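Read through the structure below, which is laid out as structure tokens, and then see the notes.
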Amino acid sequence: MEEGFLVFVNQGLKGPGNHRAPCRAMIGDLNGTGCLSPSACDPFSIRVMNGLKSNRYGSATRVLIVGSLLLAPTGGAFAQRGSLSGKISDAATGAPIPHAPVRAYLHGRSVAAGASSEGDGGYTIDNLPPGRYAVCVPAGETYRPVVVPAVEVRADNTARVDLRARQSLVIDGDSWVQAYPSFAQSFAATGLGLTVAQIKAFGSQRRVTLQVLDGEGPTERPLGPPRTTEPVGGEGTASVCWAGGEVTTIPGRVYTLKMSAAEGQMWVPGVAGRGDVYPLGMAWFDGSARPHSDLGLLLCEDSDDLRTDYALAGSRRDHRAISAGQTFVALSRCITFASAQLAGVGAAPSHVRFSIHEGGPGGPQLGPSKAVAPGPDAAVVWGPQEVPVEPGGVYYLHIESYSGGEFLINYQRDAYAQGQAFFDGRADPTRDLSAFVGGEISDEDFARLHAHPQRLEPVVLVNPSFEEGADGWQREGQTGAVVGCDEGIVPAWGSAMFGWTSLDKGEGSRTTIYQQVEATPGRTYCFSGSVFTDHRGGRSSDVKVRLIVLPAGGTAVRDLAHLTSSQWYATEGQWRRGSVEFKAAAASITVGFELEQRWSLPASQLYVDGAQLERIGDR
């Protein structure tokens, strides 16, 4: 029999502008059933009691769950629990992100613990049962969802996880221009597919259709389906979304986003007041090239380990239902995140459950369901391999009320060609849910994301992202280990990485990890990987990482006479991609990473992840 426990939800107080104030929340597990009502849990009885009525600023809700299998622990039971804390920030600027919801689900269980980030971006989730958790931050107006599939929480300890929200391109549209019917902006892709575009507009509100073009300029051929915004103007913003496979891009290649008001109407976009602020692209005003201007624009792409299986932005249309769902074609190898825009209505359910199924409604459920309160940022997260899928397969996102009460779910009109919405079990081919589904990037997509421009073929490495511990790797040096989330640092790929954090120690620490690989003598190769360093005190060069190669093979990884290496990387708190090219001199070569900490600083962090080897063309 599993232990049940008290559930406390502090939803926070809404102040001016309807912003939710910082809060903390602790929510218990329901024996893995995900049940929150008697009708959903027969023969087990669960009763929801105690509510605090809302005041004029918002509401705070306290919920106690009691049942025949849910016994609130007493005495020292809470002393055996752990905590999760960290900071949510913009990955590019480091700026804190306040009032962002954070949710953590114990692997195999259905109910989340949650919190909201404070003004400095910090958050804390207390009283967590020990175990492995999946953690997420839903997408915001200016960033992609943040998903960490595996975090270890230990009893009487606090696990630190710093969550960095990303976008690919941000151009501040702080000025305006003469009105025209259409505008365009070129950009260099950094990912496998465009997933979000946000524009800014002044003046009268217009619906604006966004179309990606395959090349530079407004006359190139269309790439993927168009998307039309809700009416935007008055210095406001509007966003559209695509699934990761709808607008497929090649990293480094230039594309154009064309923006046209409906029926040839004139409209006024935001432009960068400082002129040409984006060196990799330029603007067009009604077909006229403006190389010294850039349009105000935000883009998100599939450029990290979260692959976008399905995505549609919100609209002004809602449907009332007890259950809803959406079919989609998977791109990832396992689903780890889902969200939808929901709202309560009447006797609304306190919670809904999200689940993933094969094929469509009635198909086999994959992994556990996950519960969340209905709201505009209703989001759930699964752990690694809880919901395995096959890229290219058809799957179904199911959202259902626990209590049988109705809720509102946002939708778009027939915007996604590879699936359709369902309401209370009935198909509606004219609608698609405003929702997001994403998961772990497949090995094939990882190779495409980091492919060398002259790639011939990838070369298989053993355990390149340390998901199987240290299997396949040798080492010289005693510092470092394969870890998951460590001292706030989240792996760049998957749920593991190699490295260490030292606090006031570690002077002279130096470790090389490497593996030997078969090669073709005389052929050219590129070895690449993700590297991370940070420090407090000292200089950035006091903690550094480089990629190393022995073109003739062997294990003399510190013999400079036979070593080829990349530069030393000191990335200042960012994951960066490093690489080294070389010509194989033997039928066996050696590739690896060297991590070096020169001094004992107040804090030193060095990590590596995501190794990749490719054979490339001769130059």
Check your understanding: Are there any strands (runs of 3 or more DSSP E) wholly within the stretch 419-502 with 2 or more residues that are at pLDDT below 95 and open to solvent by 40 Å² or more (accessible area, probe 1.4 Å), and if so which?
Key -> 455-459
Revision key, fill the gap. Taking the stretch 68-97 and keeping residues open to solvent by 50 Å² or more (accessible area, probe 1.4 Å), at pLDDT 90 or above and touching a Leu at 6+ places or on another chain (Cβ under 8 Å) leaves Lys87
Review point. Quick check, is Pro218 farther than 18 Å from Gly314 by Cβ, in a loop (DSSP other than H, G, I, E, B) and modelled with pLDDT of 95 or more?
Key: yes
Check your understanding: Does any residue in the stretch 148-164 that is in contact (Cβ under 8 Å) with a residue 12 or more places away in the chain and more than 16 Å from Ser116 (Cα to Cα) come within less than 6 Å, Cβ to Cβ, of a residue that is among the polar types (S, T, N, Q) and assigned to a strand (DSSP E or B) six or more places away or on a different chain, and which pairs are these?
Key -> Pro149/Thr336; Thr158/Ser83; Thr158/Ser85
**Study point:** Breaking point among (1) open to solvent by less than 40 Å² (accessible area, probe 1.4 Å); (2) touching a strand residue (DSSP E or B) at 6+ places or on another chain (Cβ under 6 Å); (3) assigned to a strand (DSSP E or B), for Gln516
**Key:** (1)
Review point. Within the stretch 128-153, which residues are of a type outside the set (A, V, I, L, M), open to solvent by less than 60 Å² (accessible area, probe 1.4 Å) and farther than 25 Å from Phe436 by Cα?
Key: Pro129, Gly131
Practice item. Report yes if Glu220 is open to solvent by 50 Å² or more (accessible area, probe 1.4 Å), among the acidic types (Asp, Glu) and closer than 25 Å to Tyr416 by Cα, otherwise no. Key: yes
Check your understanding: What number of residues within the stretch 98-123 satisfy the criterion of being of a type outside the set (Gly, Ala, Ser), closer than 28 Å to Ser168 by Cα and surrounded by fewer than 20 Cβ atoms within 10 Å (Cβ to Cβ)?
Key -> 4
Point to revise | Options Pro225, Pro251, Pro279; residue that is part of a loop (DSSP other than H, G, I, E, B), touching a helix residue (DSSP H, G or I) at 6+ places or on another chain (Cβ under 7 Å) and not basic (Lys, Arg) | key: Pro251
Check your understanding: Quick one: what pairs do we get from the stretch 341-368, first residue within 18 Å of Pro138 (Cα to Cα), second basic (Lys, Arg), C-beta under 8 Å, 6+ apart or different chains?
Key -> Arg353/Lys370; Phe354/Lys370; Ser355/Lys370
Exercise for review: Spot the failing condition for Thr237; the list is (1) modelled with pLDDT of 95 or more; (2) touching an Asp or Glu at 6+ places or on another chain (Cβ under 8 Å); (3) open to solvent by less than 50 Å² (accessible area, probe 1.4 Å), and only one is missed.
Suggested key: (3)
Practice item. Determine, yes or no, whether Thr249 is at pLDDT 95 or above and open to solvent by less than 40 Å² (accessible area, probe 1.4 Å). Key: yes
Exercise for review: Answer yes or no: is there a residue in the stretch 184-201 that is charged (D, E, K, R), at pLDDT 95 or above and either more than 17 Å from Ala91 (Cβ to Cβ) or touching a Leu at 6+ places or on another chain (Cβ under 9 Å) (or both).
Suggested key: yes
Revision key, fill the gap. Over the stretch 535-559, the set of residues in a strand (DSSP E or B) and either under 18 Å from Thr512 (Cβ atoms) or modelled with pLDDT of 95 or more (or both) is Val543, Lys544, Val545, Arg546, Leu547, Ile548, Val549, Leu550
**Study point:** Top-ranked residue in the stretch 254-284 [being of a type in the set (Phe, Trp, Tyr) and open to solvent by 10 Å² or more (accessible area, probe 1.4 Å); ranked as nearest to the chain's Cα centre (by Cα)]
**Key:** Tyr278
Check your understanding: How do the pairs read when you match residues in the stretch 582-610 that are surrounded by 21 or more Cβ atoms within 10 Å (Cβ to Cβ) with residues anywhere that are in a strand (DSSP E or B) and of a type in the set (Asp, Glu), using Cβ under 6 Å and keeping only pairs 6 or more apart or on different chains?
Key -> Gln605/Asp534
Exercise for review: Answer with yes or no whether Gln567 is of a type in the set (S, T, N, Q) and assigned to a loop (DSSP other than H, G, I, E, B).
Suggested key: yes
Check your understanding: Does the stretch 403-414 hold any residues that are open to solvent by 20 Å² or more (accessible area, probe 1.4 Å) and part of a loop (DSSP other than H, G, I, E, B), and which are they?
Key -> Ser403, Gly404, Glu406, Asp414
Exercise for review: Check the stretch 347-359 and report whether any residue there is over 22 Å from Val151 (Cβ atoms), among the hydrophobic types (A, V, I, L, M, F, W, C) and open to solvent by 20 Å² or more (accessible area, probe 1.4 Å).
Suggested key: yes
Exercise for review: Taking the options Val387, Val394, name whichever one is open to solvent by 20 Å² or more (accessible area, probe 1.4 Å) and modelled with pLDDT of 95 or more.
Suggested key: Val394
Practice item. Please list, ordered by first then second residue, the pairs with beta carbon atoms under 9 Å, 6 or more apart or interchain, first in the stretch 457-481 and of a type in the set (Asp, Glu), second surrounded by 15 or more Cβ atoms within 10 Å (Cβ to Cβ) and in a loop (DSSP other than H, G, I, E, B). Key: Glu467/Pro384; Glu467/Trp493; Glu467/Gly494; Glu467/Ser495; Glu467/Ala496; Glu468/Ala496; Asp471/Asn463; Glu476/Val557
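The values are calculated or read from the model by the stated rules, or taken from the named source; none is laboratory data. Owing to the predicted nature of the structure, the values given are computational and were not obtained by experimental measurement. Glycine gets a Cβ as well: all are built from the backbone with ideal geometry, and neighbour counts include every protein chain shown. The accessibility values were calculated without ligands, DNA or RNA, using every heavy atom of the protein model including side chains. Shrake-Rupley method; radii C 1.70, N 1.55, O 1.52, S 1.80 Å.
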